1. Closer than 20 Å to residue 347 by Cα, crowded, with 16+ Cβ neighbours inside 10 Å, assigned by TED's automatic domain parsing to the domain that holds residue 291 and touching a strand residue (DSSP E or B) at 6+ places or on another chain (Cβ under 9 Å) - does that describe any residue in region 193-207?
2. Quick check on region 422-455: of everything there that is among the polar types (S, T, N, Q) and touching a strand residue (DSSP E or B) at 6+ places or on another chain (Cβ under 9 Å), which residue is nearest to residue 367 (Cα to Cα)?
3. Go through (1) buried (at least 18 other Cβ atoms within 10 Å of the Cβ); (2) on the phi > 0 side of the Ramachandran plot one by one and return the number of the condition residue 58 breaks.
4. Only one of (1) over 15 Å from residue 361 (Cα atoms); (2) at pLDDT 95 or above fails for residue 63. Which number is that?
5. Does at least one position in region 345-357 carry a residue that is among the charged types (D, E, K, R), within 15 Å of the chain's Cα centre (by Cα) and farther than 16 Å from residue 476 by Cβ?
6. Could you figure out which of (1) within 27 Å of residue 219 (Cα to Cα); (2) within 21 Å of the chain's Cα centre (by Cα) isn't true of residue 94?
7. Is it true that residue 156 is outside any loop (DSSP other than H, G, I, E, B), within 16 Å of residue 89 (Cβ to Cβ) and in contact with a Lys or Arg (Cβ under 7 Å, 6 or more places away or on another chain)?
8. Tally the residues that are part of a helix (DSSP H, G or I) and more than 24 Å from residue 52 (Cβ to Cβ), restricting the search to region 160-184.
Amino acid sequence: MYDVIKASRNLVGPLVLVVGLLSFNASRTWGLTVRVDMQRRIGAVRPLHGVNNGPLDFGGLIDLTESYRRIAVPHIRLHDCQWPDPDLVDVHTIFPDMSKPADRPESYRFAKTDAYLAAATRTGAKLVYRLGESIEHTRRKHHVAPPADPDQWAAVCMGIIRHYTQGWADGYRYDIPYWEIWNEPENRPNMWTGTDEDYYRLYTVAARRIKTAFPHLRVGGPAVGAPGQFVDGRLIPSPFLEAFLRHCREHAAPLDFFSWHTYSADPFEYGRRARAIRAWLDANGFEKTELHLNEWNYLPDEDWSALGLASQGPARQRWFARQGGPEGAAFLTAVLIDLQDSPIDVANYYSGDTNLFGLFNRYGTPKKTWYAMAAFARLLETPHRVQAVHDRPGHVAVCAATNAANTRLNLLLAVLGGDETEATVHVSGLEPTGPRPWSILRVDADHDLEPSVIGNLTDERLHLENLRPPCVVLLQVGVNPSTR
């Protein structure tokens, strides 16, 4: 039936006939059932689809600015920008000689990072600037050692902040709200070669100086990749993390946001962990500290071995194909839906650019995951969430939203797997009554979010066929797809 619909989508008469069969064939048994109540609003759709890294790659040979705009990226975290662009953002690239005076503009090398941040800000996103260094997978580590002089390092960070927010040294006045101190200091030796105490000292010195000079900015960290164990809905923090929070409290080190990372094969793991971390922060007196999940992505089979040298070649290629393909697209969508009811304040997918983990391949071509982000961006066009329930927990994620007048519906589904290829959607409370235009857009092995079925909705019940999991489905009611 899908082929018939596709072939006749531009023929008004045949299309209405086929859509009628889809909408009114009550004799069939359909697998997934979704019920949407347009009259029960449950909050706002939250833009949690931030990314890591800006849109400018390979020295400007690839510029993804327009693609970032199309998906309305809310936050860009600047970390690992050297993959694939070297000499950007990291402290050592901007200030290569720590023996130089930090209050002299000639000590800094801003030019490359200037161009990179200019492109990032043109997307309309807010920035999370990671002060520190990118990860080093090389056997010899070059820049991830603790700074020999934390005070000098903090002074350099102050110069970077002044340049990008106050115009110092022929700089800019960007609105960069978040400043993060280092990345994954517990990830040794790839991100830090010092001790726990070395990091606590660096964090305290830098955070205090930044917050004293720029009280309107938000400073945080530690961008921890291994928070600890999660047991029965609560966090048992690692010794590093427990001591970090204690150090912040005892030394009055500001912690405006707490940042952490998780890579998983379970899209519902992020929300569970977020609630556990939030409870742990609150119990330790950090109720006002924001919660940032600023690195996350699909980890096929919960297995990192594909990144080892022994797996380079076809095995690694297959791994990344799964991460960026229909599996990864359904996973990404399920995470963004599930996080709507979590205490997360900012989230950043790793990553947005042409990094191997990114939304684009090395040539700048969008992966399936970018189209999933685009589907989520459509959801944001109707900012009021309404109740949507379904009968396949753990296998499907659903989010529904409407406009102020209840005349439009965007229903986003992530079908993660299994043999569910059909669904029935029941919609109640949509205004006004009578026929309304609708369309179904898919992200799967064969579709990149183009309308696969269009028609006029004349009943509150709609049948969907040929879901082909894993997939993402966007049902839009009340907007003419020809005007998109």
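The values are calculated or read from the model by the stated rules, or taken from the named source; none is laboratory data. Everything quoted here is computed from the prediction, not taken from an experiment. Every residue, glycine among them, receives a Cβ derived from its backbone with ideal geometry; neighbour counts consider all protein chains shown.
1. no
2. From region 422-455, those among the polar types (S, T, N, Q) are 424, 428, 433, 439, 452; that's our starting set.
Pick out the ones that are also touching a strand residue (DSSP E or B) at 6+ places or on another chain (Cβ under 9 Å) and you get 424, 428, 439, 452.
On the way: 424: 29, 428: 35, 439: 22, 452: 19 Å.
Applying the filter and picking the extreme gives 452.
3. Residue 58 satisfies all of (1) buried (at least 18 other Cβ atoms within 10 Å of the Cβ); (2) on the phi > 0 side of the Ramachandran plot except (1).
4. (1)
5. Yes, region 345-357 contains a residue that is among the charged types (D, E, K, R), within 15 Å of the chain's Cα centre (by Cα) and farther than 16 Å from residue 476 by Cβ.
6. Evaluating residue 94 over (1) within 27 Å of residue 219 (Cα to Cα); (2) within 21 Å of the chain's Cα centre (by Cα) leaves (2) as the failure.
7. Considered against the rule, which asks whether it is outside any loop (DSSP other than H, G, I, E, B), within 16 Å of residue 89 (Cβ to Cβ) and in contact with a Lys or Arg (Cβ under 7 Å, 6 or more places away or on another chain), residue 156 comes out as no.
8. Counting residues in region 160-184 that are part of a helix (DSSP H, G or I) and more than 24 Å from residue 52 (Cβ to Cβ) gives 1.
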